[in-house]
Each structure stands twice: as structure tokens, then as C-alpha cells.
Amino acid sequence: MNEISRNIQLRSFTENDIPLMAMLANNEKVSRNMRDGFPHPYTLEDAKGFIWICRQQDPVIALAIEFDDEYVGNIGVSIGNDVYRKSAEIGYFIGEPYWNKGIATMAVDLMIDYAFGKLGLARLHTGIFEYNPASMRVLEKCGFQKEGVFIKSVFKNGRLWNEHRYALINPKWKHEF
Ligand SMILES: CC(C)(COP(=O)(O)OP(=O)(O)OC[C@H]1O[C@@H](n2cnc3c(N)ncnc32)[C@H](O)[C@@H]1OP(=O)(O)O)[C@@H](O)C(=O)NCCC(=O)NCCS
């Protein structure tokens, strides 16, 4: 385990995370990469509401990312319905002051263990907007494979963009027929 991996953990949210979450999430360089459900500007009320929702979850599917015992971002999965109930979409953000330290890569690795182990999921997937190579790199470092590009599927900030779709299969389910 390298230096960075010892300092990163996932944990449940607490009310103490509200001010930092609002501060780090209130950044156009973050929100431009997220769905429109991620507000901009991002207020204290938004953080409070998000944490309230997360605290009702059973099982817990959204977690705080801690680096050196400090809140630095969020990571979560959204589990599919009906025939998609063994699949989940993964999503995450790291506050800008903490970028390029390997934190997202470690957090995604930890979430993979949680999603495939504790949640028993067979597949994680997500779509990344074409202008976000850092997030594509994170997923590639974590073993995700690019499954295709959905042309002009995203309408964000008044423009159409391609979306790069990535997925990772739980090795336990790989040979299931
Ligand atoms: C994308 C994001 C999660 C990355 O977090 P991070 O903690 O900086 O990621 P890591 O440090 O683990 O890895 C980043 C990798 O991208 C690379 N990278 C960074 N900027 C890049 C760029 N412009 N082009 C190509 N690669 C880039 C880094 O060099 C690093 O790869 P390396 O380890 O091979 O050098 C973070 O920037 C973020 O939260 N962005 C806003 C929200 C977002 O995009 N969420 C994901 C939505 S799909």
C-alpha cells in the first residue's frame, strides 16, 4: 500500500461535512462534469439536504471521501431497477484543491470493493462527458473498460456533447450464464 492509499477512506456523511461540502461543490469546474441534478451554485442548504437523504439510505450508497482525516469529496452508486438491479451507476467528485493526488482513483477502488462485496452488484458503469479526460483516466486506472461513445447524448450548458460509457464487471459474475 503506498502513502496515499493509507490516507484515504470512505465513511458515512455527518452534519460536520455540510460547510466543506458546500464550499468544494460550489465550483463550476466540478458542476460542469456532473448531471444537472448537481446544483450550481451549490449552497449550504443543498449540502444539508443531500446529507439528510444519504442518512436515510439502507443500504448506504453514498459516502464521504476522507483524505488525511479531512472531508474532500463524495462518491456513490445509484442501483438500477427491475432487470438492472445488479447494475449501478457510479458517480464522484473531489474538491479542486485535492485534484491529481490519486484520491479519486483510490476512492473508486474502495467503492468497487464495497459495491461488489457488500452490495453484491455485478456491474458498475457510468458515462463521462467528452471534455473530462481526468475522470476517464481514473476509471481506466481502476480497470473499467470503455464500452462505447454515445454521440451527442448529453445536453449540458446549452450544448450537445458525446458521452464516453465505461463499465466494470464483478469478476465473481464474469462467467455467469
Ligand atoms: C475527475 C476527478 C474526480 C479526478 O479526481 P483526482 O483525485 O484528481 O483523480 P486522480 O488523481 O486519482 O487521477 C487523475 C488522473 O487524471 C489525469 N489527468 C488530470 N487532468 C488530465 C487532463 N486534462 N487530461 C488527461 N489526463 C488528466 C492525471 O494525470 C491522473 O492520471 P495519472 O495518475 O495517470 O497521472 C476530479 O477532477 C473531479 O472531481 N472533477 C470534477 C467532477 C467530476 O469530473 N466527476 C466525475 C464525473 S464522471
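Taken together, the values in this text are just the output of simple stated rules run on the coordinates, not laboratory data. This is a predicted model, so every value here is computed, not measured. As a convention, Cβ positions derive from the backbone with ideal geometry for all residues, glycine included, and neighbour counts pool all protein chains shown.
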With a length cut of 20 Å (Cα positions projected on each helix's long axis) and a Kyte-Doolittle mean of at least -1.0, go through the chain and give me the DSSP H helices that pass. none
Ordering 112-124, 163-175 by per-residue average of other C-beta atoms within 10 angstrom, highest first, gives 112-124, 163-175
Relative packing of 49-62, 70-83, which averages over residues the other C-beta atoms within 10 Å, highest first: 70-83, 49-62
Cα centroid distance between the stretch 81-109 and the stretch 1-61, in Å? 12
In debye to the nearest 20, how big a dipole does the stretch 3-173 give about its Cα centre with +1 on each Lys and Arg Cβ and -1 on each Asp and Glu Cβ? 660
Kindly put 135, 12 in sequence by how many other C-beta atoms sit within 10 Å of each C-beta, fewest to most. 12, 135
How long, wide and thick is the chain, going by the Cα atoms along their three principal axes, in whole angstroms, largest first? 47, 39, 35
Which FRET efficiency value, to the nearest 0.05, do you get for residue 175 and residue 48 by plugging their Cβ-Cβ distance into 1/(1 + (r/R0)^6) with R0 = 45 Å? 0.50
Using +1 at the Cβ of each Lys and Arg and -1 at the Cβ of each Asp and Glu in the chain, identify which of 91, 14, 161 lies farthest towards the dipole's positive end. 161
